[in-house]
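Please read the structure below before turning to the comments.
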Amino acid sequence: MNVGVGRLSSHECGSASRLLARAFAEDPIITYFLYGRLRRRIAFPAFFHAVLEEMLASGHVYAVRWDGKLSGVAAWLPPNAQQPDAGARRAAARQRALVRMLFPRASQGLFAGFVAMEHFHPESPHWYLAFVGVEPTIQSHGIGRTLLAPVLEMADQTETLCYLETPFPRTHEFYERLGFVRQSELNPFIGAPEGAISFLREPVRAVREAR
């Protein structure tokens with residue numbers, strides 16, 4: 001097995017979006033708003049494509065490749081993230097427009113919920129893990145840990161917090177093994193039956209010095 005991690009290139013956005021759509025196929029929040037399998041087959045990748053278009057400017061959207069094949073994606077925003085340029089904003093807007101066309105009412109609640117989630121972020125400078133997904137057929141092979149390692153190492157070196165939210169209870173133990181600590185249950189998504197759990201990770205060096 002040959003696994004390598006590098007930054008995602010702009011021409012891989014389509015493939016990465018489809019991968020994330022497969023990885024999040026059972027997300028209880030997104031599937032609540034983007035219901036219906038046929039429309040969701042188009043809307044799910046478009047939703048993630050919009051996210052990636054805007055986040056590529058940060059320079060910290062990573063891809064893991066297993067024997068040369070795209071197998072996982074992690075989209076981070078660093079402290080003081082760079083804003084996307086006009087071209088990226090237009091590309092993202094086109095993808096969001098597709099989601100809105102397919103789900104005119106429900107998509108409003110979905111997008112509003114993600115905007116509201118920003119209010120729960122730590123006030124201190126931090127890395128934010130917006131989305132991470134591994135191809136479902138090869139999960140539980142250590143790829144997720146490999147995929148997140150570059151930013152976790154940078155966060156430790158610069159003594160910076162890392163923050164995320166996850167709607168998947170099965171991932172809690174995975175994040176805890178990486179040093180994340182459970183914080184709060186959040187559900188600003190109006191009507192959704194389930195929310196997400198926030199996790200915060202202090203830099204390893206800072207944790208050691210505090211002991």
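Each value in this text was obtained by applying a stated rule to the coordinates, not by laboratory testing. All values reported here derive from a predicted model rather than from experimental measurement. Glycine also receives a Cβ, built like all others from the backbone with ideal geometry; neighbour counts cover every protein chain displayed.
Remark: the range 142-147, residue by residue, has Karplus-estimated 3J(HN,Hα) of x, 5, x, 4, 4, 5 Hz, where x stands for each Gly or Pro and the curve is 6.51 cos²θ - 1.76 cosθ + 1.60 at θ = phi - 60°.
Contact order for the chain, expressed relative to its length and based on alpha carbon pairs under 8 Å spaced 6+ residues apart, stands at 23 percent.
Residues 37, 145, arranged from fewest to most other Cβ atoms within 10 angstrom of their Cβ, appear as 37, 145. Label the range 29-72 by shape, choosing from rounded, prolate and oblate, from the square roots a ≥ b ≥ c of the eigenvalues of the Cα gyration tensor; if a/c is under 1.5 it is rounded, and otherwise prolate applies when a/b is larger than b/c, oblate when it is not. Oblate, because a/c is 1.5 or more while a/b does not exceed b/c.
One entry in (1) 53; (2) 17; (3) 25 is percent of Cα pairs over 28 Å apart calculated from the shown coordinates; its label is (3). The convex hull around the C-alpha trace of the range 1-65, projected and averaged over every direction, spans 5.1 square nanometres.
Each Cα pair under 8 Å and six or more residues apart adds its separation to the average, and for the range 87-182 the resulting relative contact order is 27 percent.
Per residue of the chain, the DSSP helices (runs of n ≥ 4 H) give a summed -39500 (n - 2.57) that works out to -13500 deg cm²/dmol at 222 nm. Relative to the Cα centre, the charge distribution of the chain, modelled as +1 at Lys and Arg Cβ and -1 at Asp and Glu Cβ, gives a dipole magnitude of about 800 debye.
Classified by the C-alpha gyration tensor, the range 63-168 has an oblate form. Its axis ratio a/c, with a ≥ b ≥ c, is 1.5 or above, and a/b does not exceed b/c. Considering only DSSP beta bridges whose two residues both sit in the range 3-210, what percent are antiparallel, to the nearest 5? Antiparallel bridges: around 85 percent, rounded to the nearest 5.
Please work out the C-alpha center-to-center distance from the range 3-30 to the range 62-90 and express it in whole Å. Here the two parts' Cα centres lie 9 Å apart.
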